[in-house]
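The values are calculated or read from the model by the stated rules, or taken from the named source; none is laboratory data. Keep in mind that what you see is a predicted model, and the values were worked out from it rather than measured. Cβ atoms come from the backbone with ideal geometry, glycine included; neighbour counts cover every protein chain shown. All accessible areas refer to the heavy atoms of the entire protein, side chains included, with ligands and DNA or RNA removed. Shrake-Rupley method; radii C 1.70, N 1.55, O 1.52, S 1.80 Å.
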Amino acid sequence: MSPNNVQNDTHDSKRAKSSSGRPVSAATSASNGKTEEAKRKESSAIYKPKFSDSLSRVNNFSIIESTLREGEQFGNAFFTTEDKIKIAKALDDFGVEYIEITSPAASEQSRQDCITICNLGLKAKILTHVRCHMDDARIAVETGVDGLDVVIGTSSYLREFSHGKDMEYIIKQATEVITFIKSKGLELGVNRVGIADTVGCANPRQVYELVKTLRSVVSCDIECHFHNDTGCAIANAYAALEAGATHIDTSILGIGERNGITPLGADKEYVMNKYKLSQLREVENLIADMVSIQVPFNNYITGYCAFTHKAGIHAKAILNNPSTYEILKPDDFGMTRYVSIGHRLTGWNAVKNRVQQLGLILTDDEVKEVTSQIKQLADLKPLGVEEVDTLLRNFHQKVNTPLNE
């Protein structure tokens with residue numbers, strides 16, 4: 001966290017002080033005595049859609065977490081067996097319904113790792129992702145997985161430039177492989193159909209119409225896999241759920257082939273009791289360390305600046321009611337709100353909040369005066385927390401020292 005970011009805890013009971021010098025409770029000084037939680041619940045409704053789609057599954061879906069399959073295709077990724085065990089356990093503890101792992105047909109170590117993860121006794125179902133080929137299917141079913149995701153390219157491009165097979169061959173091959181897997185009693189793609197935007201070219205409107213059309217002709221579950229080449233993976237996943245999709249593929253931090261896929265994460269109230277959202281940043285840090293990257297500063301929810309407020313008008317509103325500039329509660333995700341004050345854009349309300357946190361007694365006029373001093377110094381360079389606190393303490397001592405001393 002940047003040195004000029006000051007933590008703001010609006011839930012505490014530190015003493016505030018009115019312009020008349022009379023102490024007031026910080027918890028009730030905002031508006032009409034309402035608690036922050038009451039105001040949050042009251043105002044959160046403004047961010048919700050007014051009308052729900054009859055097809056929508058945004059409040060009833062499952063995650064197929066593919067860090068151990070798609071994530072292995074990320075340029076920097078090399079997961080040892082120990083790494084895979086740590087990741088699988090972290091994902092299971094987070095609460096994902098499915099964990100997808102690399103095909104055991106990929107290599108002998110992949111096969112052994114598949115068996116190891118299957119034997120961990122996790123709550124999540126273990127899936128593997130295999131080609132629509134009998135050899136792959138036989139190897140996979142012997143590892144102890146709960147199910148298989150079976151893939152074969154059907155687009156005209158892939159039929160011409162990848163496997164070179166026609167639709168008649170694809171249907172015959174798929175029927176043979178599916179019949180074999182079903183005979184083993186395993187869950188597989190025939191229990192749900194999958195849509196994969198493998199090149200990341202789709203936009204949300206296209207996704208919605210495609211999934212809606214598919215939903216009109218099938219009654220089984222619908223799984224969606226979106227790549228992020230054009231930055232639409234999250235929006236596409238949401239559009240798919242609105243149109244009736246039931247399963248979304250994700251990976252931690254979105255790592256995968258090229259720019260990766262829809263990242264693991266949740267930002268709506270309906271998943272608060274379903275997944276351990278407070279562990280999201282911890283899981284992301286685990287993967288970031290393993291693949292030698294940093295969590296982006298602007299990463300949604302868990303980014304360095306996700307709950308940092310700087311502009312004076314923003315800070316004032318946030319201190320009165322966080323819902324004014326936050327649609328999410330930082331503590332739901334194990335994060336902390338910060339109000340940055342050591343800069344030229346700071347406002348006196350933010351400085352006043354810091355004064356209260358330090359237990360200092362200043363009138364509003366005095367806070368405005370010291371805010372002016374902070375701005376003057378910050379025009380030269382940003383001020384760290386310690387510098388601001390020292391300035392505030394010295395100013396407090398000065399204004400509270402009798403003139404005859």
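Side notes on the structure shown:
- Out of Glu209, Glu284, one residue alone is open to solvent by less than 30 Å² (accessible area, probe 1.4 Å), touching a residue at least 12 places away in the same chain (Cβ under 8 Å), charged (D, E, K, R) and assigned by the TED database to the domain that holds Leu158. It is Glu284.
- Single residue of region 78-94 satisfying the filter (under 17 Å from the mean Cα position of the chain (by Cα) and more than 24 Å from Val150 (Cα to Cα)) that is least open to solvent (accessible area, probe 1.4 Å): Phe94
- Flag if Ala239 is in the same structural domain as His129 (by the TED database) and either among the acidic types (Asp, Glu) or not in a helix (DSSP H, G or I) (or both): no
- Of all residues in region 143-165 being modelled with pLDDT of 90 or more and acidic (Asp, Glu), the one that is least open to solvent (accessible area, probe 1.4 Å): Asp149
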